[in-house]
């Protein structure tokens, strides 16, 4: 049974996800960040669908559980498209659009093959334990991709504040979610008391941070990336 | 084994991304000079704002009418300040270099709070002026 806080998280999540798309349209950035906006629109639709399923079938129904985990995995794959778009934006002047597209297709194929292998291996028990493992692996691929992107941003001394903040917010989201999934795999008992709250709260982070970036940081804003690298004296 | 490895790497990546994200927010106010108005209101006379002033500055920020748009960044910087505070306390006896870096970051957070206060005071003044003009 969900409490008022759970419902508040669901409704807030939906509103903030819609806000990102509205903000991007208002600022005239919808097509410039098309994959990101499509991802946010899909996430809002999934949140709405989850809400309807909870109301109709209940939070503990197998239909809701499977919809939750599999839509989450599908959304993560859509999020890879967003990461690839960021790569394209970063390497726009190098004219490597085709190579990035090829790499994206290879990555998607590799993820699909890997997922198929996992599904094939676990076909006898396609339970929530399997979807947790799948989610953990997908998010971890996201962490690695975003980390490489961040490394490229630092190396190329990228100065576009908006791009930097969008990528960093995505990195926070991927790593927090992958960590949560891994903790859940390691300590299943933590799920009931603590980890149950983490994914919805982390899920709020990404649309909030992106909405903030679209609303507050102009496309023309610049930032010295050297200031962002952590260096202790 | 794989889950443990993913967990450790993800936590390390999370910390790095979060610190860089916070620094990208702090960087936007780093070069902003504080007005005499905010110096007078807070009693800050030095060129640099002290790291310990953060909480006091944040309390003053909360007393001013909200601008709405700065809420998110204030929340993020508040979390970052807390993280740096803990790091500073833990690292002081063992890694003085890390503690010094954390202290510098806390100072940047305080400067950010002072700039936020400055902006809110300006906003309050504008609101007041607008209300007076409307009455006339």
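The values are calculated or read from the model by the stated rules, or taken from the named source; none is laboratory data. Keep in mind it's a predicted model, so treat the numbers as computed, not measured. Because the Cβ atoms are built from the backbone with ideal geometry, glycine has one as well, and the counts that use them run over all protein chains shown.
Criterion first (assigned to a helix (DSSP H, G or I), over 11 Å from the mean Cα position of the chain (by Cα), facing chain B (nearest Cβ under 7 Å) and more than 12 Å from residue B:17 (Cβ to Cβ)) does residue A:137 satisfy it? Walk me through how you get there before you give the answer.
Numbers: assigned to a helix (DSSP H, G or I): yes; over 11 Å from the mean Cα position of the chain (by Cα): yes; facing chain B (nearest Cβ under 7 Å): no; more than 12 Å from residue B:17 (Cβ to Cβ): yes.
The answer is no for residue A:137.
Six or more apart or on different chains, Cβ under 8 Å: which pairs go from a residue in the range A:147-165 that's on the phi > 0 side of the Ramachandran plot to one that's part of a helix (DSSP H, G or I)? Could you list them?
A:157/A:225; A:157/A:226
Taking the conditions exactly as written (within 14 Å of chain A (Cβ to nearest Cβ) and within 23 Å of residue B:120 (Cβ to Cβ)), does residue B:13 satisfy them or not?
No, not satisfied.
May I ask you to verify whether residue A:204 is under 29 Å from residue B:67 (Cβ atoms), surrounded by fewer than 22 Cβ atoms within 10 Å (Cβ to Cβ), more than 10 Å from chain B (Cβ to nearest Cβ) and out of contact with any strand residue (DSSP E or B) (no Cβ under 8 Å at 6 or more places or on another chain)?
On the way: under 29 Å from residue B:67 (Cβ atoms): yes; surrounded by fewer than 22 Cβ atoms within 10 Å (Cβ to Cβ): yes; more than 10 Å from chain B (Cβ to nearest Cβ): yes; out of contact with any strand residue (DSSP E or B) (no Cβ under 8 Å at 6 or more places or on another chain): yes.
Here the answer is yes, as residue A:204 does meet what is asked.
Hey, does the range A:152-161 have a residue that's farther than 25 Å from residue B:8 by Cα, within 11 Å of chain B (Cβ to nearest Cβ) and assigned to a helix (DSSP H, G or I)?
Yes, the range A:152-161 has at least one match.
Given B:109, B:64, B:7, which one is more than 22 Å from residue A:163 (Cα to Cα) and either within 12 Å of chain A (Cβ to nearest Cβ) or in contact with a strand residue (DSSP E or B) (Cβ under 9 Å, 6 or more places away or on another chain) (or both)? I'd like the intermediate steps shown before the answer.
Numbers: B:109 fails: either within 12 Å of chain A (Cβ to nearest Cβ) or in contact with a strand residue (DSSP E or B) (Cβ under 9 Å, 6 or more places away or on another chain) (or both); B:64 fails: either within 12 Å of chain A (Cβ to nearest Cβ) or in contact with a strand residue (DSSP E or B) (Cβ under 9 Å, 6 or more places away or on another chain) (or both).
Selected residue: B:7, the only one of B:109, B:64, B:7 that is more than 22 Å from residue A:163 (Cα to Cα) and either within 12 Å of chain A (Cβ to nearest Cβ) or in contact with a strand residue (DSSP E or B) (Cβ under 9 Å, 6 or more places away or on another chain) (or both).
Inside the range B:26-40, can you point out the residues that are part of a helix (DSSP H, G or I) and either farther than 25 Å from residue B:101 by Cα or more than 8 Å from every other protein chain (Cβ to nearest Cβ) (or both)?
Initially, the range B:26-40 is screened for residues part of a helix (DSSP H, G or I), giving B:26-30, B:36-40.
If the condition is that a residue be part of a helix (DSSP H, G or I) and either farther than 25 Å from residue B:101 by Cα or more than 8 Å from every other protein chain (Cβ to nearest Cβ) (or both), then B:26, B:29, B:36, B:37, B:38, B:39, B:40 are the ones that fit.
Going residue by residue through the range B:78-98, is there one that turns out to be within 14 Å of chain A (Cβ to nearest Cβ), on the phi > 0 side of the Ramachandran plot and either modelled with pLDDT of 90 or more or exposed (fewer than 12 other Cβ atoms within 10 Å of the Cβ) (or both)?
no
Which members of the range A:96-137 meet the condition of being modelled with pLDDT of 75 or more, surrounded by fewer than 11 Cβ atoms within 10 Å (Cβ to Cβ) and within 30 Å of residue A:34 (Cα to Cα)?
Hits for the range A:96-137 are A:98, A:106, A:109, A:113.
List the number of the failed condition for residue B:44; all other conditions in (1) surrounded by 13 or more Cβ atoms within 10 Å (Cβ to Cβ); (2) assigned to a helix (DSSP H, G or I); (3) over 14 Å from the mean Cα position of the chain (by Cα) hold.
(2)
Consider the range B:65-104. How many of its residues are in contact (Cβ under 8 Å) with a residue 60 or more places away in the chain and closer than 23 Å to residue B:39 by Cβ?
1
Is it true that residue A:79 is modelled with pLDDT of 85 or more and farther than 30 Å from residue A:156 by Cβ?
On the way: modelled with pLDDT of 85 or more: yes; farther than 30 Å from residue A:156 by Cβ: no.
Answer is no for this residue.
Out of (1) closer than 30 Å to residue A:138 by Cα; (2) touching a helix residue (DSSP H, G or I) at 6+ places or on another chain (Cβ under 6 Å), the odd one out for residue B:27 is which?
Going through (1) closer than 30 Å to residue A:138 by Cα; (2) touching a helix residue (DSSP H, G or I) at 6+ places or on another chain (Cβ under 6 Å) one by one, residue B:27 breaks only (1).
Between A:176, A:215, which is part of a helix (DSSP H, G or I), within 11 Å of another protein chain (Cβ to nearest Cβ) and modelled with pLDDT of 90 or more? Outline the logic, then answer.
Working: A:215 fails: modelled with pLDDT of 90 or more.
When all the criteria are applied, what remains is A:176.
Show the residue pairs meeting these rules: Cβ distance below 8 Å; 6+ apart or different chains; first residue within the range B:31-43 and closer than 9 Å to residue B:118 by Cα; second residue assigned to a loop (DSSP other than H, G, I, E, B) and modelled with pLDDT of 85 or more.
Filtered contacts from the range B:31-43: B:34/B:49.
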